[in-house]
Amino acid sequence: MCAMENSHTRFIEIERKFLVTSEEWRDLGEGTDYSQGYLASGGATVRVRVSHDAGFLTVKGPRSGISRLEFEYEIPIAEARKMIAELAGDQIVYKTRYRIRLGDVVWEVDEFHGLNAGLVVAEVELESEDQKLELPDWVGEEVTHDPRYGNASLSRHPFCEW
């Protein structure tokens, strides 16, 4: 997990990402719909996310291996929706996220919609870069270091264009 200052601010995100190869995960967790817009991407990425009745503003630094700085803050839902509508342009990603606890880790399976439909990716946050990880049968190729699979990249170059 990420080092936490409080329930809304993260400092270090250590994450690995994999393609999902089968449907075996589907009954293991409930899904939550997300829409997220990107206000800036490059050296640092600024994302606004809406889920249910909550809004979040997240700033992520560039990757160093499988780690990067991450700061996340809850913001009023009306402001999050306005930022996405007025500032994100067409750089919006729609997905359903399923949280699946297996052993001592929580897998987040993202099933993408819209221009990224057909893409299903599983992410897992780790406590350290060298943490041992047992892969479930439905996880395939690791794509942690492939920038195409980052959500900010998917907002600019959607899966349907590959």
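Per-residue ellipticity at 222 nm, computed for the chain from helices alone with -39500 (n - 2.57) per DSSP H run of at least four residues, works out to -3000 deg cm²/dmol. Inter-label distance, Arg63 to Ala85: 3.4 nm, where each label sits 7 Å from its Cα along the C-beta direction.
Cross-link check: pairs Lys17/Lys95; Lys17/Lys60; Lys17/Lys82 evaluated at a Cα-Cα cut-off of 20 Å; pairs beyond the cut-off: Lys17/Lys82. The slack in the chain from Ile77 to Glu24, taken as 0.36 nm per residue of separation less the alpha-carbon distance, amounts to 15.7 nm.
The numbers here are math on the coordinates, done by the rules we state, and not lab data. All values derive from a computational prediction rather than experimental measurement. Don't worry about glycine lacking a Cβ; one is built from the backbone with ideal geometry, like all the others, and counts go over all protein chains shown.
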